[in-house]
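Below is one structure; the comments refer to it alone.
The values are calculated or read from the model by the stated rules, or taken from the named source; none is laboratory data. Quantities reported herein were computed from a predicted structural model and do not represent experimental measurements. Positions of Cβ are backbone-derived with ideal geometry, glycine not excepted, and every protein chain shown enters the neighbour counts.
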Amino acid sequence: MIVFPGDRIGNVEEYKAGEGVYEDGGELFASVVGVFEFEEKKVRVRSFRSIPELKKGDVVVGRVVDVRNNFAMVEIARKKGEERELAHTGLALLHVSSIGERVGSINDAISYFDIVKARVLDTSPKISIREPEMGVIKAFCSSCKTELILDEGKLKCPNCGRDEKRKISRSYGKGEW
Ligand SMILES: [Zn+2]
């Protein structure tokens, strides 16, 4: 689960504060943006950090793990040109300004659990899906979780018939990227 600085994640009777966590008045809070994890009696927040194998300009594929008002977080799994998954996976930030289409809401462009293909903007890491080749390559129905199919340029759920919007990649549904 993703937490933000100031999010309450427990209290000192339950856990010890680990990396990325601070204590205030007996309560534990996240001090960084990241994923929180328990380690025995300790809670820590694994923050964004550079993934050693990534360079600016690389093309990566990952899964959307959280969507907020202005940005989404993507767990990067693979880099284009390499067969194997990355030895160090990690979170990347996709800001709404890096989506490239005029979308009313980030939810019209991507959704939780989608698989996206993206360009690495910097190694913090931040990613972009502005280019036509970048974007969602696999998406699931928000109602019944079935994989959406592309039908005459529109995403449709083959199970319940629901139409959904995404900023899709040219490679959507082709099983290759
Ligand atoms: Zn459906």
- Would a scan of the range 3-14 turn up a residue that is under 30 Å from S171 (Cα atoms) and assigned to a loop (DSSP other than H, G, I, E, B)? no
- Query: Across the range 15-43, what is the total count of residues that are part of a strand (DSSP E or B) and either closer than 21 Å to A92 by Cα or in contact (Cβ under 8 Å) with a residue 40 or more places away in the chain (or both)?
  - Reply: 6
- Note on the structure: Out of (1) loosely packed, with under 14 Cβ neighbours inside 10 Å; (2) modelled with pLDDT of 95 or more; (3) at positive phi, the one C144 does not meet is (3)
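Yes or no, residue by residue, for (1) within 25 Å of G34 (Cβ to Cβ); (2) among the β-branched types (V, I, T):
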{"site": "V67", "(1), (2)": "yes, yes"}
{"site": "A72", "(1), (2)": "yes, no"}
{"site": "A92", "(1), (2)": "yes, no"}
{"site": "H95", "(1), (2)": "yes, no"}
{"site": "A109", "(1), (2)": "yes, no"}
{"site": "I115", "(1), (2)": "yes, yes"}
{"site": "V136", "(1), (2)": "yes, yes"}
{"site": "S143", "(1), (2)": "no, no"}
- Task: Provide a single number: the residues in the range 84-123 that are more than 27 Å from I149 (Cβ to Cβ), of a type in the set (S, T, Y) and in contact with a Ser or Thr (Cβ under 7 Å, 6 or more places away or on another chain).
- Result: 1
- Note on the structure: Of (1) outside any strand (DSSP E or B); (2) exposed (fewer than 15 other Cβ atoms within 10 Å of the Cβ); (3) within 16 Å of the ligand (Cβ to nearest atom), A87 satisfies every one except (3)
- How many residues are of a type in the set (D, E, K, R) and within 22 Å of the chain's Cα centre (by Cα) if we restrict to the range 20-60? 8
- Residue check: is A77 modelled with pLDDT under 90, within 24 Å of K145 (Cα to Cα) and surrounded by fewer than 17 Cβ atoms within 10 Å (Cβ to Cβ)? yes
- Task: Those residues that are within 11 Å of the ligand (Cβ to nearest atom), free of Cβ contacts under 8 Å to residues at least 12 places away in the same chain and either β-branched (V, I, T) or closer than 24 Å to G104 by Cβ (or both), I need them from the range 146-177; list them, please.
- Result: K156, G161, D163
- Note on the structure: So, first residue in the same structural domain as V65 (by TED's automatic domain parsing) and within 16 Å of the ligand (Cβ to nearest atom) in the range 117-142, second residue of a type in the set (S, T, N, Q) and not in a loop (DSSP other than H, G, I, E, B), Cβ within less than 8 Å, six or more apart or across chains; the pairs are none
- Message: Within the range 105-114, take every residue that is surrounded by fewer than 18 Cβ atoms within 10 Å (Cβ to Cβ) and away from the ligand (no atom under 16 Å from the Cβ) and give me the one that is nearest to Y172 (Cα to Cα).
- Response: D108
